[in-house]
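Written below as structure tokens is the structure these notes are about.
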Amino acid sequence: MTANPLIAAYKKPALYVALPSKGKWYDPKPKLSVDGELAVYAMSARDELITKTPDALFNGEATVALLESCCPDITNPRQMPVNDLLVVLLAIRQASYGNDLSVDIKCTDEECGHINQMAVDGNVLLSRVKENTYDTTIKLDNEFGLELTPYTIEDRTRLQIQQVKQQAIVQQLMATETQGEEKMQEQFGKTFVEIAELSVELVARCIKKVHLPDKDSEPIVEYQDIYDWLKIITKKDYEQIRERVEQLSENNIDTTFDANCAECGKDYKTNIELDIAGFFAG
Ligand SMILES: [Zn+2]
């Protein structure tokens, strides 16, 4: 890992975590333990500073820097499938701050609505990671067959940047009611088209192969061919493909917990929102 003997002696894995993807889709493949788990190291002082920056984790570069530091066995974090991200971030958090995760949960009793602070065991969350069982191949009605992958961190980051850009324009549009309105609307329209095109591009990147209905022909693997084809297919076919890519990108952590309200005593089931920026708060 490192040639510096001082660093090699100091840095030891804090824990090992099973990846939902089991290491599939990475390029190159991550180095996993004999049990197929990834070594996770505690955050350094520098890493902690990264996570303390507000909204830092919505910034792809910060996420990548954190992964490079705490999961050195992943050679190229940008190409990590997004379905592994939450699990790995949870593990990094646990390696650095211990198992207890404190979350605020609102009582479901309408009259009460008390905010209960609940301690969740990170190990329990990590043990509830299920394998993604969606099929990576789909067949459209017209017999075109596709081989798919989840989105990568890089894909998702690009989409987020574009969405932030669009939000900023909407806000500007609302603020500048009179002057330059036309120009803003034009710009908004442009960003909207950009997002639509980017969405198609990102789905195209998740299509590794297209098999033609004619069984004898070679499958199509060229990105440009697939992208151009994706732009002309029907909404129904496109949505079928996009939906499966989204399903393959799900993190598969069961976050339902039994809670009890300290105020009114009601027992209820709750879904914990795992807000990435929030759970590094301390
Ligand atoms: Zn209550």
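The values are calculated or read from the model by the stated rules, or taken from the named source; none is laboratory data. Worth saying up front: this structure is predicted, and the values here are computed from it rather than measured. In this analysis, Cβ positions are derived from the backbone assuming ideal geometry, glycine residues included, and neighbour counts consider all displayed protein chains.
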Do you know which residues across region 1-20 are assigned to a loop (DSSP other than H, G, I, E, B) and at pLDDT below 90? 1, 2, 3, 4, 11, 20
Does region 135-142 contain any residue that is surrounded by fewer than 17 Cβ atoms within 10 Å (Cβ to Cβ) and under 24 Å from residue 67 (Cβ atoms)? no
Determine the pairs where a residue that is free of Cβ contacts under 8 Å to residues at least 12 places away in the same chain, located within region 98-120, has a partner that is among the basic types (Lys, Arg) and near the ligand (Cβ under 10 Å from one of its atoms) with Cβ atoms under 8 Å apart, the partner being 6 or more residues away or on another chain. 113/106; 115/106
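Only residues that are within 15 Å of the ligand (Cβ to nearest atom) and surrounded by fewer than 15 Cβ atoms within 10 Å (Cβ to Cβ): list them for region 242-265, please.
We begin by selecting, within region 242-265, every residue within 15 Å of the ligand (Cβ to nearest atom); these are 258-265.
Selection gives 258, 260, 262, 263, 264, 265.
Is region 128-140 home to any residue that is within 16 Å of the ligand (Cβ to nearest atom), in contact with a strand residue (DSSP E or B) (Cβ under 9 Å, 6 or more places away or on another chain) and of a type in the set (Lys, Arg)?
Of region 128-140, the ones within 16 Å of the ligand (Cβ to nearest atom) are none.
Within region 128-140, not a single residue is within 16 Å of the ligand (Cβ to nearest atom), in contact with a strand residue (DSSP E or B) (Cβ under 9 Å, 6 or more places away or on another chain) and of a type in the set (Lys, Arg).
Can residue 277 be described as in contact with a Leu (Cβ under 7 Å, 6 or more places away or on another chain) and at pLDDT 90 or above?
Working: in contact with a Leu (Cβ under 7 Å, 6 or more places away or on another chain): yes; at pLDDT 90 or above: no.
For residue 277, the condition - in contact with a Leu (Cβ under 7 Å, 6 or more places away or on another chain) and at pLDDT 90 or above - is not met.
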Filter result for residue 66 (under 18 Å from the mean Cα position of the chain (by Cα), more than 27 Å from residue 118 (Cβ to Cβ) and surrounded by 22 or more Cβ atoms within 10 Å (Cβ to Cβ)): no
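Would you mind stating whether residue 145 is in contact with a strand residue (DSSP E or B) (Cβ under 9 Å, 6 or more places away or on another chain), in contact (Cβ under 8 Å) with a residue 60 or more places away in the chain, away from the ligand (no atom under 16 Å from the Cβ) and not hydrophobic (A, V, I, L, M, F, W, C)?
Details: in contact with a strand residue (DSSP E or B) (Cβ under 9 Å, 6 or more places away or on another chain): yes; in contact (Cβ under 8 Å) with a residue 60 or more places away in the chain: yes; away from the ligand (no atom under 16 Å from the Cβ): yes; not hydrophobic (A, V, I, L, M, F, W, C): yes.
For residue 145, the condition - in contact with a strand residue (DSSP E or B) (Cβ under 9 Å, 6 or more places away or on another chain), in contact (Cβ under 8 Å) with a residue 60 or more places away in the chain, away from the ligand (no atom under 16 Å from the Cβ) and not hydrophobic (A, V, I, L, M, F, W, C) - is met.
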If a residue has to be surrounded by fewer than 16 Cβ atoms within 10 Å (Cβ to Cβ) and β-branched (Val, Ile, Thr) to count, how many in region 201-232 make the cut? 2
Residues of region 12-55 being β-branched (Val, Ile, Thr) and touching a residue at least 40 places away in the same chain (Cβ under 8 Å), which ones? 17, 40, 51
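Quick check: anything in region 36-43 farther than 23 Å from residue 125 by Cα and either assigned by TED's automatic domain parsing to the domain that holds residue 97 or of a type in the set (D, E, K, R) (or both)? Let's see the steps before the verdict.
We begin by selecting, within region 36-43, every residue farther than 23 Å from residue 125 by Cα; these are none.
No, the conditions are met nowhere in region 36-43.
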